[in-house]
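Structure first, commentary second.
Read the figures in this text as sums done on the coordinates, not as results from a lab. Note that the coordinates shown come from a computational prediction; the quantities given were computed from them, not determined experimentally. Every residue, glycine as well, gets a Cβ built from its backbone with ideal geometry; the counts of neighbours run over all protein chains shown.
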Amino acid sequence: MFELFTVETTVNGETYRRVVEPRTLLCDFIRQELELTGTHVGCEHGVCGACTVLVDGKPVRSCLMFTPQAHQKNIETVENLSPDGHQLSVLQEAFQDKHALQCGFCTPGILMTMKAFLEEVPDPSEEQIRKQLSGNLCRCTGYENIVEAVALAATRLRDGKQD
């Protein structure tokens with residue numbers, strides 16, 4: 001039996017305090033304890049990127065992080081892209097406009113990876129976008145529409161439409 005750990009973390013602007021086993025993965029905490037199911041669990045080995053969330057603004061594979069490591073951290077999940085649940089973010093709109101998803105399983109991880117990327121690189125080249133996408137696997141598309149959607153979102157964000 002493991003000793004339990006009290007974790008206090010902020011997820012999507014709301015502070016949570018929970019008692020967890022130290023081996024609880026962050027993806028499981030987010031999905032099961034907080035019932036935020038937008039974060040998808042794919043490979044469970046950090047390879048596919050479907051479980052990517054932002055921890056203190058940086059993309060992290062939540063299947064590779066234990067929940068106690070998130071203590072006193074700020075976490076953002078895909079649900080936070082549209083806080084009111086109705087209005088799409090600029091990035092989400094660009095994905096919709098460019099038909100950049102098919103089954104959608106990989107999309108939350110890609111969106112979170114690209115959100116952080118566009119905040120860091122507001123005017124990316126196609127090569128930069130493709131390089132940043134290399135850690136997110138999509139089995140349905142050829143990535144072309146995803147790349148176009150990220151470029152469109154970058155343009156819209158630079159032109160003043162805020163996310």
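If you take every residue apart from LYS98 with its C-beta less than 14 Å away from the C-beta of LYS98, what net charge results, scoring Lys and Arg +1 and Asp and Glu -1?
Here the charged neighbours net out to -4.
Once you put a point 7 Å from the Cα of THR6 and another 7 Å from the Cα of CYS43, both along the Cβ direction, what distance in nm separates them?
Going from the THR6 label point to the CYS43 one covers 3.8 nm.
Say a paramagnetic label sat at a point 7 Å from the Cα of ASP56, along Cα to Cβ; which residues of the stretch 75-107 have their backbone N under 15 Å from it?
75-76
What spacing in nm lies between the two simple spin-label points modelled at HIS71 and GLU35, each 7 Å away from Cα in the Cβ direction?
Going by the 7 Å Cα→Cβ label model, 2.7 nm.
Starting from 0 in steps of 5 Å, tell me what percent of the Cα-Cα pairs of the stretch 41-119 lands in each bin.
Pairs per bin, as whole percents: 3, 16, 25, 25, 19, 9, 4, 1.
For the stretch 1-99, which GluC sites (Glu not before Pro) pass both filters: DSSP loop (anything but H, G, I, E, B) and at most 13 other C-beta atoms within 10 Å?
Passing both the DSSP loop test and the Cβ count: GLU3, GLU35.
Along the Cα→Cβ direction, 7 angstrom out, place labels at THR155 and LEU64. What is the inter-label distance in nm?
Modelled inter-label distance: 3.3 nm.
By the scheme Lys and Arg +1, Asp and Glu -1, what is the net charge of all other residues having a beta-carbon under 14 Å from that of ASP28?
Taking every Cβ under 14 Å from that of ASP28, the sum is 0.
For PRO124, what charge total do you get from the other residues with a beta carbon under 12 Å from its beta carbon, if Lys and Arg give +1 and Asp and Glu give -1?
-2
Please list, ordered by chain and number, the residues whose modelled amide H lies under 5 Å from the amide H of LEU25; skip anything fewer than 5 residues away on the same chain.
Hits under the 5 Å cutoff: THR67.
Report the convex hull volume per residue for the stretch 90-158, counting only C-alpha atoms, in Å³.
It is 70 Å³ per residue.
So what is the relative contact order for the chain, in percent, with contacts set as C-alpha pairs under 8 Å and at least six apart?
Contact order relative to length: 23 percent.
[x] 29; [y] 22; [z] 48: which one is percent of Cα pairs over 25 Å apart as calculated from this entry?
[x]
To the nearest µm²/s, what D does Stokes-Einstein give for the stretch 5-79 at 37 °C and 0.692 mPa s, using the Kirkwood radius over alpha carbon pairs as Rh?
Result for D is 276 µm²/s.
For ARG130 and HIS86, calculate 0.36 nm times their separation in residues minus their Cα-Cα distance, and state this gained length in nm to one decimal.
12.9 nm
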